[in-house]
Every structure is written in structure tokens, then in C-alpha cells.
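The values are calculated or read from the model by the stated rules, or taken from the named source; none is laboratory data. What you are looking at is a predicted structure, and each value in this text was computed from that prediction instead of being measured. Note: ideal-geometry Cβ built from the backbone for every residue, glycine included; neighbour counts use all protein chains shown. To get the accessible areas, we keep the full protein, side chains included, count just its heavy atoms, and leave off ligands, DNA and RNA. Shrake-Rupley method; radii C 1.70, N 1.55, O 1.52, S 1.80 Å.
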Amino acid sequence: MISGVIKKEVRFMKKEMRLVTRQLPPNPVHFSKFVPLVGHLLETYRWLNESIAAILIGSLVGTIILCTTKWKSSKLLRFNEELFFIYLLPPIIFNAGFQVKKKQFFHNFFPIMLFGVAGVLISTSIVAAGSWWLFPKLGFDGLSIGEHLSIGTIFSSTDTVCTLQVLNQEETPLLYSLVFGEGVVNDATSVVLFNAVQNISADTLNGKTALKIFLDFLYLFSTSTILGIAAGLVTAFILRGLSFGRHSSVREIALMVLVAYLSYMLAELFELSGILTVFFAGVLMSHYSWHNVTESSRITTRYAFATLSYIAETFIFLYVGMDALDYEKWKTSTLSFWTKMGLYGIVMFLIAIGRVALVFPLSIISNYLHKSGGESTKISGHHQMVIWWAGLMRGAVSVALAFKQFTHSGVTWDPNNATMITTTIVIVLFSTVVFGFLTKPLVDHLLPASSSNTNTRNPRDPGSPKEDMTLPLLSFDESASENMSRAKENMSMLMDRPVYTIHSYWRRFDHAYMRPIFGGPSSDDLPMV
């Protein structure tokens, strides 16, 4: 009796299983397997980087807010340029200085400064002159000379994050160093130049004013750098000489963060460039202070500073995606749809022409001055194309400068100002999303993996810097003729390979005089972190 009931139940269950099996696809795709597959594809091919993802998420949030408010507003928060410059920008720039590979950065210091400083001046001139000449032809006029110069600086600030995410630092050290270094120096130079061109009118714009702007720029650049170096050295001396916070990771990390932030605020208080100050403070802290703290503090700082920088960058791009759907700004602008499209096209065209005018001529100059450095120091044609492409994308600094110039606490009721705000947002969105998507295939095409490591330095390369140079140039223990011979040899090497020679001398000076006072690696043979 019981066995018969059990057999009946078993037959019923088999029948139900056959019915369920018929309703399923022959090869069901489980969601738990699909999600990791998507993540693996995104990580492998890097078509969708963090900046694009943050912008898309911000746009989605803005769309939801716009729908819930019945298409009246997408504002969840109001962008404040002071909030950006005081709280969001410092951790981004400080982490860039703290994580930079100093050996590559200073080996390529001259071309980086060419692209980051002289390049900004060239790009600003072209964008400002082009906007002054072409905007009125579209019926968009009413901007002053100072506002056109500000537009030049706004659209000369690059965002190289998308390109850096697809470059391999070990395979292409020269290219990675140039793109990274230009991005940091470019942002600092753009902000310094933006502050220098304020309050310029057609009546005051002449040769004397241009010279004054250039001298002010040099003053801001040099004093800001010195202040950052001083902040880094003071932190290292406190940690090493005064043993502050010894065996306390909280106090050690807090001291580094507070001194870096204090240097940034002091620079802003004295109307200097806080970006340059906090960047060089990060460089000096990573070279000296990082070696004076406990092992747990070393590990924590690497991840803590990078996390703060990542959060700040993501928040900025989230806001850009949300602000793109702010209906009030688009409604305030009085230009027609096609006029706006023409305006966007002109700005992108000027940005591209500005990059052409600076990347390729400055690369020729850099290659000529480093012609004795071997192939490892030569900026090839493919490298120049990647550098040009990396500089086409615009990011957070452009948005902040545009809001600082054309809004008051994030609000504007002037049609021309609203047009420039929306133009900046469109350029940032378009360049980041479109060019960001195309960065990976472009880099793969120009720098295939089989030839990507051809520029690594060969230690037997005759262009390599000589490491047996004597410091100092002269010695009291030798005769005058030997000193003169040594001086001639060193001066010849300095003229032949100035960057490598200066770097070699600095390493010896650093090991002999700086490290005993401020700390650092215990041996000169240790690599710079």
C-alpha cells in the first residue's frame, strides 16, 4: 500500500519535472554567471572607464529627478566652485603627486614642462583668438576680451584619466610619464593662467599688460612650487627629527594630510596656485616622509589617499552628468538649436587645432634637445598621436573654471553666461564619453603589445646617462689641471644630456645631504617609490 503511494508520487514528480524542463531554454543563461562575465569584459577591454561610468550614472540620476519633478528641474545639489577648489581638488592633486613615479617624472621633466606650461599658453592663445573671431559670426557676441581669454584657459585644461587607464606604465614608461605629467602640470598652469587673466579689458590689453601677465605667471608658478617643497620638507623633518607620532599611524597620516592641506590653504590665502603647492608637497612627502613612518602607515597612505582622490573625482563626474539635465540653464540660453551645435563644433575644432599646434612642434623641439639620449627618450610619431588624443578630453577643472567665471554660486540668469556653462558641460560630456570610448582601440592600434616595450631603456645604450660622474665638480684634494679637466668633462656632459646629468647630480646631493636630515631610502640603490 505504502510502496504504491510512493511510486505514484515519484511518477507525478517526474511528470512535473518534464513540464518545467520543456519551458526552459535549451542552454539557460544564469544571471549569476552573466554579471561576472560583463565585469570581466569591461576590465579586459576597458571600453567603459570610471569617468564615463560616473557620467552615465549621474545622467541617470538626473533623469530620474527630472521625471519625479515633472520635467521642472534635475537639481539635487547646486555646484559651488569654492567647494570644488577647497574640498574636492586638493585630494586629487595631492594623490597625483604622492603616487607619481618620480624617477620617470624628473627624467622627462623638460618635455613635461614644455607640454604642460608652454602648451597651455599656445592652446589658450588659439582658443581665445578663435572664439573672439568665430563666435560673432554665429550671432553669439557680447563677451569681453577678458572672458574670451578665460574661455581659452577653460578649454585648455585637459583630462587624461581615460588615456592613463589604458596605458601600461611598465611597457611605455616614457609615454605614460609624459601623459601623466602633462595632465598634472596642465591643470595647475590653467588655474594659474586663469587667475592671471582676470579683470583684463580691451583698454588694458597691450604689450605691457601681456608682459605683466607673463611675469605674474612665473611668480605664481615659482613661489607655489617653493611653498609645496617647503611643506614636504617640514613634514619629513617633523616625522624624522622630532619623532612626532612615532608608532601611531593615526598621528603620522593625520600630520601628512593636515600639512598638505594647510599648504594648499596658505597658497590660496596668498593668491598663489594651491594645485602646484599641494602637488609638490605630495612629491616630497612620498620621497622623504613616507620612509619615516611605520610600515602600517605606509600601506594605509597608499590606499587612503587614492581612495579620497577616487571619491572626489567620481563625485565631480556624477555632478556633471546630473547638471547636464538642468533644464533652467538650457532655457536661459537664447540661442537656437543649430547655433548651439555650431558653437559646440567650433569649440571642439579650436581644441583640436590647439593640441596640434602644441604637441607636434614641441615634440620636435624635445627630440632635438634630447637627440643624444637614445631611442628611449625620443617621442615617436605614434606617441605624439596618443599625447594629442589624450589632450582632447576635458574634465573637472574645465567645469570648475567655467562656473567660477560665468556663475555666481552656481546660478546665472545671463543668457551668454548660461550658454558658456552649457557649452562647457556638452564639451566635457562629449569629449569624455566619445573620445573615452575610442581611446582603447586607438592605443591598441598605435601601440600594439608586441612593440609596446621597444622603448624600454637598455642599460648598455650609449645614450644612457653615465652614473660614474663625480660630485662635486671641483675637489680641493686634486691639482688645478685635474680640476679643470673634470670641470670641462662635466660641463660637456651637462650640455650633451642636461636632464640626465642634473638628475644624476641631484641623486648624489640627495644621498649625501638631504636624506640624513629628512629621511628616505636607506641606500641610494633603492628605487624611488
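Within segment 168-186, the set of residues being open to solvent by 20 Å² or more (accessible area, probe 1.4 Å) and part of a loop (DSSP other than H, G, I, E, B) comprises Asn168, Gln169, Glu170, Glu171. The helices (runs of 4 or more DSSP H) found wholly in segment 187-289 and carrying at least 1 residues that are among the aliphatic types (A, V, I, L, M), open to solvent by 10 Å² or more (accessible area, probe 1.4 Å) and modelled with pLDDT under 80 occupy 207-240.
Among the conditions (1) within 18 Å of the chain's Cα centre (by Cα); (2) among the polar types (S, T, N, Q); (3) closer than 22 Å to Ser366 by Cβ; (4) open to solvent by 40 Å² or more (accessible area, probe 1.4 Å), Gln165 misses just one, which is (3). Would you pick out the residues in segment 136-162 that are of a type outside the set (S, T, N, Q) and within 28 Å of Phe115 (Cα to Cα)? Hits for segment 136-162 are Ile145, Gly146, Glu147, His148, Leu149, Ile151, Gly152, Ile154, Phe155, Asp159, Val161, Cys162. Each residue in segment 76-116 was checked for being at pLDDT below 80, open to solvent by 50 Å² or more (accessible area, probe 1.4 Å) and farther than 20 Å from Ser398 by Cα, and 5 pass. The residues on offer are Gly130, Gly119, Gly152, and the sole one that is open to solvent by less than 50 Å² (accessible area, probe 1.4 Å), closer than 25 Å to Lys440 by Cα, in a helix (DSSP H, G or I) and modelled with pLDDT of 85 or more is Gly119.
Close contacts from segment 331-353, counting a first residue that is of a type in the set (Phe, Trp, Tyr) and a second that is open to solvent by less than 30 Å² (accessible area, probe 1.4 Å) and assigned to a helix (DSSP H, G or I), with Cβ to Cβ under 7 Å and a gap of 6+ residues or different chains, come to Tyr344/Thr423; Tyr344/Ile427.
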